[in-house]
Amino acid sequence: MKKEPIFRGVCTALVTPFRDNVIDFNALERLLERQIAAGIHAVAICGTTGENATLTDAEHKRVLRFAIDCVNGRIPVIAGTGSNDTNHAVDMSKYACDIGADALLVVSPYYNKTSQTGLIKSYTTIANSVNKPMILYNVPTRTCVDIAPETYAALKDHPNIAAIKEASPSIAKSIHIKQLCGQSLDLYAGSDELTLPILAIGGAGVISVVSNLVPEAMCSLYQAFEQGDIKEAAKQQIELYNLMSVMFLDVSPVPLKYALSLMGLCQEDVRLPLCSMNEENKQFIKSLLTSYHLIEEN
């Protein structure tokens, strides 16, 4: 069963900017407007990159509402609403739908974990409670739960389960997912380095970290692929590789927020247990951003 795509192209997994441990809504508006002006195809709010784990429920809801109101229908807003507590995920997902989110990004349960049968039951429960499309989010390095291709296949015909964000490093696994799910679930790369390989096997795009910094470049990569210029798309993927990789020099989004601060877009503040990088890593990122002409050389 082919479903309407939530988006095709590049979705930015947006940071949640803080200033002195308080959400900086002025910076959030600047970041959103910059993404839209760059031609980004969607934004994901309050996901892993948005540090949802250290937002209170009230903050989480306020950020979602602010982003939806700011974007005002210009591009899809995808709300991160996952939890290791299915009931809590249901409540947050219902709230996001009620305030106008276009879709939901629902991570697999973490810490308490679950079996593949538990995943099917949990995702079905959440999907049954909402009226917007869901993206199933697999990031086993964070959750210690790996959604199996067969589990996606068991969920693919639910009308509210529309897509997958696959952040495992295995292209072989993604091929297997496409084999089992066909056109029933859109597949999005969950790692920037795999954008072009995922597109090449029929993926619909990428939910990107690095597009916080270079939204135009990521859109250009996607556009080159869509126009059939695979050589140019490969060239751009390779050119962006170092910038993509350095975003995980420390725990994400610590390097990203530092890079954004160098560009004058928000403070580098993260919430504990995340903390600032050491000076050696900061100097490396500063040098790399200079080489990409994102900041001026001192």
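The values are calculated or read from the model by the stated rules, or taken from the named source; none is laboratory data. None of these values were measured; they are calculated from a predicted model. Every residue, glycine among them, receives a Cβ derived from its backbone with ideal geometry; neighbour counts consider all protein chains shown. What goes into the accessible areas is simple: the full protein's heavy atoms, side chains included, and nothing from ligands, DNA or RNA. Shrake-Rupley method; radii C 1.70, N 1.55, O 1.52, S 1.80 Å.
For the range 164-213, the equivalent ellipsoid built from the Cα gyration tensor has semi-axes of 18, 10, 8 Å, listed from largest to smallest.
With the biggest extent put first, the Cα atoms of the range 140-268 measure 45, 36, 25 Å across the principal axes. Solvent-accessible area per residue in the range 19-96 equals 42 Å², computed with a 1.4 angstrom probe and all protein chains kept.
Checking the cross-link pairs K2/K165; K2/K231; K113/K156; K61/K165; K94/K121 against a 24 Å limit on the alpha carbon distance flags K2/K231 as lying beyond it.
Computed 3J(HN,Hα) for the range 275-287, one whole-Hz value per residue from the Karplus formula 6.51 cos²θ - 1.76 cosθ + 1.60 where θ = phi - 60°, is 8, 4, 6, 6, 5, 4, 5, 4, 5, 5, 5, 4, 5, glycine and proline marked x.
Which of rounded, prolate or oblate describes the range 79-198 when judged by the alpha-carbon gyration tensor and an a/c cut-off of 1.5?
Working: a/c = 1.55, a/b = 1.38, b/c = 1.12.
Here the range 79-198 falls in the prolate category.
With Cα atoms as the point set, the radius of gyration and Dmax of the range 189-248 evaluate to 10.2, 30 Å.
Stick to Cα atoms and the Kirkwood definition of Rh, then tell me Rg/Rh for the range 1-122. Can you show the working numbers first?
Numbers: Rg = 14.6 Å, Rh = 15.0 Å.
Ratio of gyration radius to Kirkwood radius: 0.98.
A 1.4 Å probe run over the range 104-160, with the rest of the protein chains in place, finds 44 Å² accessible per residue. Along its principal axes, the range 1-61 has C-alpha extents of 45, 28, 15 angstrom, given from the largest down.
Computed with a 1.4 Å probe over protein heavy atoms only, the accessible surface of the range 188-298 comes to 45 Å² per residue. In the chain, the DSSP-assigned H stretches of four residues or longer account for a calculated mean residue ellipticity at 222 nm of -13000 deg cm²/dmol, using -39500 (n - 2.57) per stretch and the full residue count as denominator.
What share of Cα pairs, in percent, lie more than 14 angstrom apart in the range 105-176? Don't jump to the answer; show the numbers that get you there.
On the way: 1429 of 2556 pairs.
Percent of Cα pairs beyond 14 Å in the range 105-176: 56.
I want to verify a result. In a Gaussian network model of the chain, Cα cutoff 10 Å, which of these has the top mean-square fluctuation: A217, A259, A58? Greatest mean-square fluctuation among the candidates belongs to A58.
Antiparallel as a % of all DSSP beta bridges within the chain, to the nearest 5? The partial results should precede the final answer.
Numbers: 2 of 30 bridges.
Among the beta bridges of the chain, antiparallel pairing accounts for roughly 5 percent.
Loop-located chymotrypsin sites (Phe, Trp or Tyr not before Pro) in the range 80-183 (DSSP state not H, G, I, E or B) with no more than 11 neighbouring Cβ atoms inside 10 Å: Y111. Of the solvent-accessible surface of the chain, computed with a 1.4 Å probe and all protein chains present, 51% belongs to carbon and sulfur.
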